[in-house]
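Readers should treat all values here as calculations from the given coordinates under stated rules, not as data from a laboratory. Keep in mind that this is a model prediction, so the values were computed, not measured. In this analysis, Cβ positions are derived from the backbone assuming ideal geometry, glycine residues included, and neighbour counts consider all displayed protein chains.
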Amino acid sequence: MSLAGAATLRFLGGAGTVTGSKYLIRAARCQVLLDCGLFQGLKELRLRNWSAPAFDPGKIDAVILSHAHLDHSGYLPRLVRGGFRGKVYCTSGTADLVRVLLMDSARLQEEEAENANRKGYSKHKPALALYTQQDAQAAFKLLRPCRYGEPMVVADGVRLLLRRAGHILGSSTIELMLGDADNPFRLVFSGDLGRWDQPILRDPEFVPAADVLLLESTYGDKVHPLDTAEQLARIVREAAERGGALVVPAFAIGRTQQLIWSLRLLEESGKIPELAVYIDSPMAINVSEIYTAHPEDHDLDMAALMRKDPSPFASRNMQLIQKWDDSQALLRKTGPMVIISSSGMATGGRVLQHLRTRLPDARSTVLLTGYQAQGTRGRLLQEGARTLRMFGEEISVRAKIEVLEGASAHADREDTLRWLAGFTSPPRQTFLVHGEAPHTDNLASVIRDRLGWQARPAVDGEEVVLSK
């Protein structure tokens with residue numbers, strides 16, 4: 001069955017940038033949105049969250065989420081506010097994480113608007129939240145969990161198959177089969193690919209075929225170091241010797257759990273001192289519990305540890321900070337310690353309080369453990385900023401800034417090529433998404449040279465015809 005003139009794909013985010021992942025498929029009888037991500041980072045991108053979408057939310061039949069991170073799911077409450085009433089398909093793990101993450105996102109946005117109105121540092125009168133906790137709760141009613149590897153109909157003439165992506169709990173690749181069931185058009189979206197032989201989660205699963213492939217390219221032209229344990233051990237030891245706090249902005253989903261896992265192993269092997277480790281993120285604490293509740297995603301090491309220890313995400317001297325008053329009290333503590341708090345790019349959350357307190361102290365260390373998008377505070381620190389603007393004031397940066405190379409849960413160039421080798425035949429066209437130039441251009445060149453595939457970066461706003 002030819003789909004020429006009957007089905008199109010449009011890139012409405014996550015093209016030329018690592019945020020705002022949204023890909024709209026218009027078929028003859030339905031409209032489906034792959035991912036529903038929030039734009040983060042640069043102001044010009046964040047303003048797009050407030051603009052009217054390039055489609056009518058009320059006419060979207062289904063949304064399919066690759067995973068729970070905000071740049072892939074965080075626009076969902078805004079979509080519901082705009083009139084979307086279809087179903088949201090994702091894995092069970094993603095559904096559980098989305099409920100935690102979106103409620104936290106809505107709460108933070110409400111608090112930011114309230115603070116801006118009280119302190120008068122917003123240009124908008126009054127400052128408003130992008131969406132509310134009530135909007136998030138309305139979105140949760142639309143979630144429809146799916147199993148890995150079980151095809152299901154999600155819209156008229158559209159079938160869905162999810163496979164493990166290995167990025168975070170519940171992350172999946174998405175295969176859409178459009179049109180004739182005997183000879184469908186196959187659109188595959190990699191979502192955010194993970195890495196092989198990493199702790200906690202199973203490896204990414206191969207996909208055999210696609211007519212069109214959307215491929216993430218966050219670290220497309222980079223090669224991660226094989227082992228980050230020694231680097232992490234050095235950073236912790238040196239931070240302790242400096243006598244100040246080691247502040248780690250970390251994503252509540254995935255990165256925090258990996259860090260705790262690594263710190264536990266380093267302590268047990270005697271490679272780092274036993275420091276007080278504070279997890280100052282209620283969401284990360286909840287997420288760790290969700291991680292233990294989904295054995296379908298656990299690798300062999302995680303499964304074995306779970307049989308011995310029902311609380312695998314704990315170092316020897318770890319304290320969980322839930323209450324705001326306890327978080328504020330932590331700001332006054334001195335001496336060597338580890339503080340892990342979200343968000344991972346320092347765009348919001350409790351970590352901002354710790355950064356405001358610790359950055360001016362030359363004894364402090366700040367450890368960046370993942371990709372820092374353009375325009376984020378994490379990116380500014382990574383690039384050597386001497387001041388950082390937070391809460392309407394300029395904060396001096398005297399702390400030592402460290403970057404943990406290779407800690408990312410994103411596939412690098414070789415991981416990506418390994419996954420692509422699983423295809424039995426090349427896609428007719430591969431579009432590189434969820435990446436920034438020049439990384440996308442470099443990966444496209446590698447794919448063309450090594451594999452002989454048709455590959456190029458996706459263009460924001462571009463619409464392509466899906467045809468056999």
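See the values below:
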quantity: Segment GLU414-LEU331, length gained on full extension (0.36 nm per residue, minus Cα span); calculated: 25.8 nm
quantity: Over 19 Å between alpha carbons, listed pairs LYS222/LYS271; LYS59/LYS468; LYS22/LYS87; LYS87/LYS468; calculated: LYS222/LYS271; LYS59/LYS468; LYS87/LYS468
quantity: Projected label distance in nm at LEU128 and ARG147, using a 7 Å step from Cα toward the beta-carbon; calculated: 4.4
quantity: Per-residue [θ]222 nm for the chain (sum of -39500 (n - 2.57) over DSSP H runs n ≥ 4, rounded to 500); calculated: -9000 deg cm²/dmol
quantity: Radius of gyration, Dmax [segment 229-403; alpha carbons; angstrom]; calculated: 15.8, 49
quantity: Contact order relative to length of segment 229-403, as percent, for alpha carbon pairs under 8 angstrom and 6 or more apart; calculated: 31
quantity: Loop trypsin sites (Lys or Arg not before Pro), segment 121-199 (other Cβ atoms within 10 Å of the site Cβ: 11 or fewer; DSSP); calculated: LYS123, LYS141, ARG147
quantity: Residue-span extension gain [MET390 to ASP182] - 0.36 nm each, minus C-alpha spacing; calculated: 69.2 nm
quantity: Kyte-Doolittle at least -1.0, axis length at least 27 Å by Cα - qualifying DSSP helices, the chain; calculated: 92-119
quantity: Burial ordering of SER105, SER288, fewest other beta-carbon atoms within 10 Å first; calculated: SER288, SER105
quantity: Anisotropy class of segment 109-230 from Cα gyration tensor, a/c 1.5 cut; calculated: oblate
quantity: For the chain, with +1 on Lys and Arg beta carbons and -1 on Asp and Glu, the positive-most of LEU367, ALA68, SER343 along the dipole; calculated: SER343
quantity: Rounded to 5, the percent of DSSP beta bridges in segment 229-403 classed as antiparallel; calculated: 20
quantity: Alpha-carbon centroids, segment 39-63 and segment 158-208: separation in whole Å; calculated: 24
quantity: Sequence-distant lysines (8 or more away, or on other chains) whose Cα lies within less than 19 Å of LYS125; calculated: LYS43
quantity: Cα-derived Rg over Rh, computed across segment 73-114 with Rh taken as Kirkwood radius; calculated: 1.01
quantity: Within the chain, percent of DSSP bridges classed antiparallel, to nearest 5; calculated: 45
quantity: Burial ordering of ASP104, ASP299, fewest other beta-carbon atoms within 10 Å first; calculated: ASP299, ASP104
